[in-house]
Amino acid sequence: MAALIQLENITKSFAGIHALTDVDFDLNAGEVHALVGENGAGKSTLMRVLGGEFRPDAGRTLINGAEVRLSGPTDAIRRGISVIHQEMALAPDLTVAENIFLGVLPAAINWRSLNERARALIQRLGFDIAPGEQVSDLSVAHQQVVEIAKALSRDVRVIVFDEPTAVLSTGDARRLLQIIKDLRGQGVGIVYISHRLDEIYEIADRITVMKDGRRVGTVTPTDTPVDGLIRMMVGRPLSQLFGDKPHTTLGEEIVRVEGLTLPNGVRDVSFSIRRGEVVGLGGLVGSGRSEVARALFGADPIRSGTIVLKGAPFKPRNPRQAVRRGIGLVPEDRKAQGVVLDMAIRENATMADASRVTRAGFFRAGAERRLVQSLIASLRIKLQSMNDPVSSLSGGNQQKVVLAKWFNTGPDLIILDEPTRGVDVGAKTEIYSLIHRLASEGKAVIVISSEHAELFGLCDRVLVMGEGTLRGELLPPDFEEEKLLTLSMTGQHQQAPEART
């Protein structure tokens, strides 16, 4: 029996640059076929060919063994192919039902029937979302459910998910994975693009690896360990991803927190961090990790407790005050809070501290250019021009621009909230090296991550949060996922540490 989808010898160039070269890919009905590789490997470009957005320069597309020439996305949808991009294509001012049936709405609409059909599709996915609710009022997870319902309304045979869990909480990601498993059981072919290898190994039947626009190979999760898959993607094993921790002598205490209590449910949190130390904040999403970071940065109010920063009392009232006192925060959502996507790279890199590019209130273009060139070289940011908008960069390079912003301020304490979310394996390694470098330069670093391997690979110790409290501390001999989760959920392992002296 022919595969549901076959892409043969697909080649695609943009302005003379090869994005895809002789790529083969196939998908069976009732299969999850994962597509992995670093940013720029060609994954999304290949799926845009499948979705009819790009026409290949060479090669052919077959559906059930018959060659087709897709004239555009509408043609692909008509043939049962739906691509759900990371940036969702919903109309925010329309209702859930209107979005689901957008493009096929009749001139005279029976609203009761439309809403009932929409409700049935959503309930099929295991959710209860009001069909009349405006999409802009939905959470990201529920917007994604609407996208899937939209695909199911069109008798879909193939769904492509491009980084679907990148902005989802752990719980929402689990529910999405279950939806994908259910769709597979109904005979739908699924292409799954993700940097989260734990998800890949949970749901994929096959994995195709791409690198530099070419197909490296197709393997099965059962026959290929994670270490082998990473070697296929980046040419080096998992053990080398985090690099060698620098031999750093810990210096003076940078920050001491005593009894920190916040209006949002965080209570009685105490810890301290010294120069040259990388400390992780672990725990489940919603445990209070990010809330502690935002309070230290002056973004959220503090109800009670004390903070001592570099030996002096610190009562952060706003982020500007925190920046002046030597604190930097790389936020969890870089696109909404870390950078201004439509602004130039150079402007983003210097916006946190303009003093180095001004004199007597006058802007100095030459000083800005030299400073940004230095930051670009130091962080190895890959770009065409510093005048290009940040939106023109890959996810990993966007994150480096956020880091450049804080490198420019020279902070003593830098907080990294999910520093590699949505970033490919190669870029992760570079960001890990930058974190090691910050520690070796005597900075104090806090890393918040939902990837436990990341915490264990980077940190000198991990403080574990659970339900708004600091439930304990893990040192390297206890760096195990089971211990971290048990501590976060039950507090059973050891008592929360006193602030260190």
*Taking segment 131-142 as the search range and keeping residues that are buried (at least 16 other Cβ atoms within 10 Å of the Cβ) and aliphatic (A, V, I, L, M), which one is modelled with the highest pLDDT?*
Val135
*Using beta carbons and a limit of 9 Å, which pairs, at least six apart or on different chains, have the first residue in segment 476-488 and at pLDDT below 80 and the second one assigned to a helix (DSSP H, G or I) and crowded, with 16+ Cβ neighbours inside 10 Å?*
Glu481/His452; Glu481/Ala453; Glu481/Phe456; Leu485/His452
_Residue check for Ile122: at pLDDT 85 or above, within 30 Å of Gly30 (Cβ to Cβ), among the β-branched types (Val, Ile, Thr) and not in a loop (DSSP other than H, G, I, E, B)_ = yes
_I'd like to verify a number: residues in segment 192-247 that are at pLDDT 85 or above, part of a loop (DSSP other than H, G, I, E, B) and either more than 19 Å from Thr165 (Cβ to Cβ) or not small (Gly, Ala, Ser) (or both), how many?_
8
_Residue that is nearest to Ala15 (Cα to Cα), among those in segment 74-94 that are outside any loop (DSSP other than H, G, I, E, B) and touching a strand residue (DSSP E or B) at 6+ places or on another chain (Cβ under 6 Å)_ = Val83
*Filter segment 444-472 for residues that are within 21 Å of the chain's Cα centre (by Cα), not in a helix (DSSP H, G or I) and not hydrophobic (A, V, I, L, M, F, W, C) and give the result.*
Ser449, Ser450, Glu451
*Which one is nearest to the chain's Cα centre (by Cα) among residues in segment 153-166 that are in a loop (DSSP other than H, G, I, E, B) and surrounded by 22 or more Cβ atoms within 10 Å (Cβ to Cβ)?*
Thr165
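Are any residues in segment 321-345 part of a helix (DSSP H, G or I) and either at pLDDT 85 or above or hydrophobic (A, V, I, L, M, F, W, C) (or both), and if so, which ones?
Result: Gln321, Ala322, Val323, Arg324, Ala336, Ile345.
Can you say whether Ser71 is surrounded by fewer than 18 Cβ atoms within 10 Å (Cβ to Cβ), small (Gly, Ala, Ser) and not in a helix (DSSP H, G or I), as far as the supplied structure shows?
yes
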*Out of curiosity, is Glu252 touching a strand residue (DSSP E or B) at 6+ places or on another chain (Cβ under 9 Å), at pLDDT 90 or above, more than 18 Å from Lys315 (Cα to Cα) and surrounded by 19 or more Cβ atoms within 10 Å (Cβ to Cβ)?*
no
*Would you point out the residue of segment 419-443, among those that are of a type in the set (Lys, Arg) and either at pLDDT below 85 or outside any loop (DSSP other than H, G, I, E, B) (or both), that is surrounded by the fewest Cβ atoms within 10 Å (Cβ to Cβ)?*
Arg437
*If you check every pair at least six apart or on different chains, which have Cβ atoms under 6 Å apart with a residue in segment 82-98 that is among the hydroxyl-bearing types (Ser, Thr, Tyr) first and a residue that is crowded, with 20+ Cβ neighbours inside 10 Å and modelled with pLDDT of 90 or more second?*
Ser82/Ile159
*asked:* What's the number of the only condition in (1) touching a Gly at 6+ places or on another chain (Cβ under 6 Å); (2) at negative phi; (3) not charged (D, E, K, R) that Leu284 fails to meet?
replied: (1)
*asked:* Looking at the structure I just gave you, is Glu67 farther than 30 Å from Lys382 by Cα, acidic (Asp, Glu) and touching a Leu at 6+ places or on another chain (Cβ under 8 Å)?
replied: no
_Looking at the structure I just gave you, is Val145 surrounded by 20 or more Cβ atoms within 10 Å (Cβ to Cβ) and either in contact with a Phe, Trp or Tyr (Cβ under 6 Å, 6 or more places away or on another chain) or outside the structural domain of Leu168 (by TED's automatic domain parsing) (or both)?_
yes
*Can you confirm whether segment 218-225 contains a residue that is touching a residue at least 24 places away in the same chain (Cβ under 8 Å) and either of a type outside the set (S, T, N, Q) or surrounded by 18 or more Cβ atoms within 10 Å (Cβ to Cβ) (or both)?*
no
*When residues of segment 167-191 are filtered for being touching a helix residue (DSSP H, G or I) at 6+ places or on another chain (Cβ under 6 Å) and either in a strand (DSSP E or B) or under 11 Å from Val36 (Cβ atoms) (or both), how many remain?*
1
_Here's a check for you: in segment 22-67, which residue that is acidic (Asp, Glu) and part of a loop (DSSP other than H, G, I, E, B) is nearest to Asp205 (Cα to Cα)?_
Glu31
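The values are calculated or read from the model by the stated rules, or taken from the named source; none is laboratory data. In this text the structure is predicted, and so the values were computed from the model without any measurement. All Cβ positions, glycine included, derive from the backbone under ideal geometry; neighbour counts span all protein chains shown.
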